[in-house]
Amino acid sequence: MNLKLFAFKKGGEQLESKVQLVVVDLDRGKRYPLNFVCVLPAYLRLLEKRSSNFAKIFGERSPSVAKSLLVEAKHQEKDPDIRRVIDRRIKDIEQKHQ
């Protein structure tokens, strides 16, 4: 799988509810939603919980896969709102898994 994060904004008052991060597989195609894999959970506890699709797909590696996807996305993202969300999620993972 050639994984990447796809970020987009949607309506909502809070920044966290406004930014959606989804995991896509570029081996399935270049266009969203055809290459959709799953949504990146907004909260770390959901990232690790077996009930989330992300955790079902990546298992024990979920935090490390999420962090690598987030770090890569941060370097490519230009939108400041999306970068803030990405930064917060990276910080959450680093604080819990040091």
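Every read-out reported here was derived from the displayed coordinates using simple, explicitly stated rules and does not represent laboratory data. Keep in mind that this is a model prediction, so the values were computed, not measured. Note that each Cβ is placed from the backbone with ideal geometry, even for glycine, and that neighbours are counted across all protein chains shown.
Miscellaneous remarks
- Most fluctuating residue given options Leu34, Leu46, Leu69, as computed from a GNM of the chain linking Cα atoms under 10 Å: Leu34
- Multiplying the residue separation of Lys96 and Asn2 by 0.36 nm and removing their Cα-Cα distance gives an extension gain of 31.2 nm.
- Residues with amide H under 5 Å from that of Lys4, placed H, sequence gap 5 or more: Val24, Leu26
- Computed [θ] at 222 nm, helices only, for the chain once each DSSP H run of length n ≥ 4 contributes -39500 (n - 2.57): -14000 deg cm²/dmol
- For the range 3-96, a simple Cβ point-charge model (Lys and Arg +1, Asp and Glu -1, everything else neutral) yields a dipole of about 100 debye relative to the Cα centre.
- P(r) tail fraction, the chain - alpha-carbon pairs more than 22 Å apart, %: 24
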